[in-house]
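Please read the structure below before turning to the comments.
A short reminder: the numbers here are calculations on the coordinates, not readings from a lab. These numbers come from a predicted model, not from an experiment. Using ideal geometry, Cβ is built from the backbone for each residue, glycine included, and neighbour counts are taken over all protein chains shown.
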Amino acid sequence: GGGVAVFEPLVELNGEHLNVAKISESGKKQRKNWTLMWSVLTSDQMLFYKERQQETSLKTGSKPDVLQLCGAIIEWTTEKSSRKNVFQIRTNTGSEYLIQADSYATASKWYDAIRKAVDSSTKL
Ligand code: I3P
């Protein structure tokens, strides 16, 4: 009992490597740089880790890049990349991310789960 409050996300969809490129931050365009990120979906955030996190060490591992889903817009795009299976997430603070997987099944699984999280966290 007791102790320090730790970062303990409620995971909706866990642990997969996705290609991620952040193309805008606070409305400012950034150089596209695709990076393989260990991606975790919670009820209202996407967490991108540089290293694979074990389920048991999610709360103690390295700090993730956090994408807030409340008020975000998610859509498939064929214009912002030459890659296949790319979708885009725009946050309500003006950040834009491209997310990609070579497998359509993987990409669409994440797209569907993130869209649901966007819808339910935006309604809160
Ligand atoms: C970019 C790199 C990206 C590519 C991007 C290039 O070049 O090749 O992979 O995006 O295309 O500009 P660099 O490494 O020199 O920055 P895609 O793989 O998504 O096509 P873009 O400028 O048309 O976005």
Measure up Lys28/Lys123; Lys22/Lys84; Lys28/Lys80; Lys29/Lys80; Lys84/Lys109 against 21 Å on the Cα-Cα distance and list the ones that go over.
Lys28/Lys123
Using modelled backbone amide H atoms (1.01 Å from N, in-plane), which distant-in-sequence or interchain residues come within less than 5 Å of Glu16's amide H?
Ser39
For segment 19-50 and segment 62-124, write down the distance between their C-alpha centroids in whole Å.
9
Be a star and scan segment 83-101 for residues whose amide nitrogen sits under 19 Å from the point 7 Å along the Cα-to-Cβ vector of Glu16.
83-90, 97-101
Around Lys22, which amide H atoms from residues at least 5 apart in sequence, or from another chain, sit under 5 Å from its own amide H, with H modelled in the peptide plane?
Asn33, Leu98
Would you work out the charge dipole size for segment 27-109 about its Cα centre, treating the Cβ of every Lys and Arg as +1 and the Cβ of every Asp and Glu as -1, and quote it to the nearest 20 debye?
320
